[in-house]
1. Quick one: grab the alpha carbon gyration tensor of segment 284-327, order the square roots of its eigenvalues as a ≥ b ≥ c, and give me rounded if a/c is under 1.5, else prolate or oblate depending on whether a/b is larger than b/c.
2. With r as the distance between the Cβ atoms of VAL164 and PHE277 and R0 = 25 Å, compute the FRET efficiency 1/(1 + (r/R0)^6) and round to 0.05.
3. How far, in nm, would the chain grow between ALA124 and HIS51 when pulled straight, counting 0.36 nm per residue and subtracting the alpha carbon separation?
4. Work out, step by step, the length gained on full extension between ALA189 and ALA78: first 0.36 nm times the residue separation, then minus their alpha carbon distance; give nm to one decimal.
5. Can you find, among SER347, ALA307, LEU295, the residue sitting farthest towards the positive end of the charge dipole of segment 272-372, where Lys and Arg contribute +1 and Asp and Glu -1 at Cβ?
6. Could you sort 186-192, 204-210 so that the peptide with the highest average Cβ count within 10 Å comes first and the rest follow in order?
7. May I ask which residue of LEU198, GLN86, ASN151 lies farthest towards the positive end of the charge dipole of the chain, with charges of +1 (Lys, Arg) and -1 (Asp, Glu) on Cβ and the Cα centre as origin?
8. Once you list every other residue whose beta carbon is under 13 Å from the beta carbon of TYR281, what net charge do they have if Lys and Arg are +1 and Asp and Glu are -1?
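Please treat every number below as a calculation from the coordinates, not as lab data. Note that the structure is predicted; figures quoted are calculated from it, not measured. Ideal geometry is used to build each Cβ from the backbone, glycine not excepted, and the neighbour counts take in all protein chains shown.
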Amino acid sequence: ARGVVDAVARALSRADTVRRLEVRANADTPEDAARARRFGAQGVGLCRTEHMFLGERRKLVERMILAGTDAARDRALAELLPLQRQDFAGILEAMDGLPVTIRLLDPPLHEFLPDLTDLAVRIAAAEARGGEADAHDVDMLTAVRRMHEENPMLGLRGVRLGLVVPGLVAMQVRAIGEAVAGRLRAGGAPRAEIMVPLVGDVRELRLVGEEVRRVLADVSRESGVTVDCPVGTMIELPRAALTAGRIAEEAEFFSFGTNDLTQTTWGFSRDDVEAEFFSAYLDKGVFPVSPFETLDRDGVGRLVGIAVAEGRAARPDLKIGVCGEHGGDPDSVHFFHGAGLDYVSCSPFRVPVARLEAGRAALGGTEGSDSR
Ligand code: PEP
Ligand code: MG
């Protein structure tokens with residue numbers, strides 16, 4: 001076993017000396033970030049913030065999104081701010097000196113709001129007992145009905161939520177800015193990057209970008225240290241890929257969200273790959289491997305190519321990565337190398353595989369790997 005371990009270590013270090021792709025990890029907790037670092041990750045390419053709004057904080061999220069009044073929403077945001085500051089401080093500490101790409105909140109709404117049926121059943125049960133339904137339940141039912149979407153994955157997600165809920169972007173950016181300021185004062189080297197999800201048009205990014213810069217200027221003034229974070233965007237809608245030249249005018253980096261880009265290019269739900277029909281469909285041989293596992297070069301890959309070319313034409317120093325599941329798939333890593341990306345980001349456990357494949361891609365050209 002010792003010999004195998006040594007051989008793997010040698011292969012990894014050889015790969016690290018030749019590879020051109022940087023390898024980062026997707027991590028949303030300090031523990032995951034530390035683990036990723038041990039596996040050789042050169043930063044966090046995607047820190048999802050959705051999980052930070054679940055559990056006990058769910059009530060605050062309900063108030064933030066469904067709030068009947070501005071004051072109630074602002075109170076919920078004010079309670080979330082110190083919690084978020086702590087979330088980000090922990091990850092920045094674990095990754096000190098390395099880039100951490102923090103993505104603004106991107107929940108499909110149905111995962112956050114109370115379930116419509118549950119509420120209706122609870123209210124009906126209370127009334128059937130001859131009592132009064134819980135007033136909070138009744139308010140929630142009205143609010144959830146108002147917000148109901150037939151296709152939440154195509155609905156109020158990502159940047160759309162940030163533009164629609166006043167104060168949400170400002171709260172997250174302030175938390176990031178204050179966490180950065182805190183680490184700078186403690187002598188650390190935080191490198192937070194702010195990433196905007198589900199952008200389809202440059203104007204969305206421009207609006208959010210203005211808000212980010214305004215909040216970071218406030219934090220810099222208040223804290224007495226200069227807090228400056230690059231602002232970039234996910235490219236995860238076909239329209240974003242096709243208008244990447246314009247989007248690059250407002251983005252300091254791109255990160256391909258190939259999970260959503262595959263979903264929206266193919267029109268297959270990424271949440272239904274376990275459904276019976278999907279494997280039956282795979283069996284028809286229309287695609288050799290699920291496009292959610294291995295990047296579809298002919299369709300999604302062409303969109304990636306267009307976005308890289310247009311983005312770099314508009315901004316030659318544009319940093320470009322990928323943070324969808326494909327970032328840790330060997331065949332896809334070869335594709336991303338060939339497409340000229342700067343980095344791939346994958347789950348911490350896949351980091352060594354990505355390092356090896358990035359090395360092999362650098363040595364062997366851009367063709368698919370023979371590891372499968
Ligand atoms: C993606 O869409 O590929 C992505 C990385 O974002 P998420 O999986 O969180 O939607
Ligand atoms: Mg996505």
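1. Because a/c hits 1.5 or more and a/b fails to exceed b/c, segment 284-327 counts as oblate.
2. FRET efficiency, PHE277 to VAL164: 0.15.
3. Values: separation 73, 0.36 × 73 = 26.28 nm, distance 3.10 nm.
The span from ALA124 to HIS51 would gain 23.2 nm if fully extended.
4. Gain on extension, ALA189 to ALA78, equals 37.3 nm.
5. Of the listed residues, the answer is ALA307.
6. 204-210, 186-192
7. Checked the options; the winner is GLN86.
8. Details: positive: LYS284; negative: ASP272, GLU274, GLU276, ASP283.
Spelling it out: positives minus negatives among the neighbours equals -3.
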